[in-house]
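A.B. asks: Before I ask anything, here is the structure I am working with.
The values are calculated or read from the model by the stated rules, or taken from the named source; none is laboratory data. Since this is a predicted model, take the numbers as computed values, not measurements. Note: ideal-geometry Cβ built from the backbone for every residue, glycine included; neighbour counts use all protein chains shown. Ligands, DNA and RNA are excluded from the accessible area calculation, which covers all protein heavy atoms including side chains. Shrake-Rupley method; radii C 1.70, N 1.55, O 1.52, S 1.80 Å.
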Amino acid sequence: MGIGGVETVILNQVTAFTKKGYNVYVVAGKGIYSNRIEELGGHYIECDFPEENKIDAERINKIVRIIRENNITEIHIHKYQCVLSVMPAALITGVPYFAYEHVIRDTSGYYTWNYPIYKVIFPIYFRNAYKIIAITPKTIENTQNKYNIPAVSYTHLRA
């Protein structure tokens, strides 16, 4: 929960969802905005998501426990680093997840180059998402072309 556009979106979601009466849990690494989650009515659970080229079964099991213990009914995955742990946990628990594409330029190549596991994970991630939330139509085009995802899977995130 450092400084960035993704963190701003997450804080706005905490505000909007809690105002609608939802219990919101943010599972993220510690940062300057971690305390804001509680101030906005959400629940912060610390969990680091390092950039890595492996599946961490221990972290997946931790996420599965969090989902089950808190009766979480939908998941919003905002960063690629979270995909390796949160997507499998969502699939294990049967909880639908939203895949967010925050970037204007396609940065997935960075991950597939530096962390080859993403070559296998990205197609699974995008094909199994309940919805893909994209920041721009160009973002939709990038993943749609790369992973052959039907247009009906996308929602355009409007500022």
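A.B. asks: Subtracting the Cα-Cα distance from 0.36 nm times the residue separation, let me have the gained length for GLU51 to ILE117 in nm, one decimal. List each step's numbers first, then the result.
C.D. replies: On the way: separation 66, 0.36 × 66 = 23.76 nm, distance 1.12 nm.
Extending this stretch completely gives an extra 22.6 nm.
A.B. asks: Roll a 1.4 Å probe over the protein chains and send me the accessible area per residue for the chain in Å².
C.D. replies: On the way: 8780 Å² over 159 residues.
Roughly 55 Å² per residue, with all protein chains present.
A.B. asks: Further question on the same structure: Assign one of three labels to region 1-115, namely rounded, prolate or oblate, based on the Cα gyration tensor with a ≥ b ≥ c the square roots of its eigenvalues; rounded applies when a/c is under 1.5, prolate when it is not and a/b is larger than b/c, and oblate otherwise.
C.D. replies: On the way: a/c = 1.68, a/b = 1.21, b/c = 1.39.
Oblate.
A.B. asks: If you don't mind, there's one more thing I want to ask. Once you've got the Cα coordinates, tell me which of LYS62/LYS146; LYS30/LYS146; LYS119/LYS146; LYS54/LYS138 are over 22 Å apart.
C.D. replies: Cα-Cα > 22 Å for LYS62/LYS146; LYS30/LYS146; LYS54/LYS138; rest within.
A.B. asks: If one takes the longest principal axis of the Cα atoms in the chain, at what angle in degrees, from 0 to 90 and to the nearest 10, does the Cα axis of helix 80-93 lie?
C.D. replies: In the chain, helix 80-93 runs at an angle near 80 degrees to the longest axis.
A.B. asks: Enter the angle in degrees (range 0 to 90, nearest 10) between the Cα long axis of helix 57-69 and the first principal axis of the Cα atoms of the chain, meaning the one along which they spread out most.
C.D. replies: In the chain, helix 57-69 runs at an angle near 50 degrees to the longest axis.
A.B. asks: Using the crude model of +1 on Lys and Arg Cβ and -1 on Asp and Glu Cβ, and no other charge, please compute the dipole size for the chain relative to its Cα centre, in debye to 20. The partial results should precede the final answer.
C.D. replies: Values: 17 positive and 14 negative charges, 74 e Å.
Taking the Cα centre of the chain as origin, the dipole is about 360 debye.
A.B. asks: On C-alpha positions alone, give me the angle between the axis of helix 117-128 and the longest principal axis of the chain, in degrees, nearest 10.
C.D. replies: Here the helix axis deviates by roughly 70 degrees.
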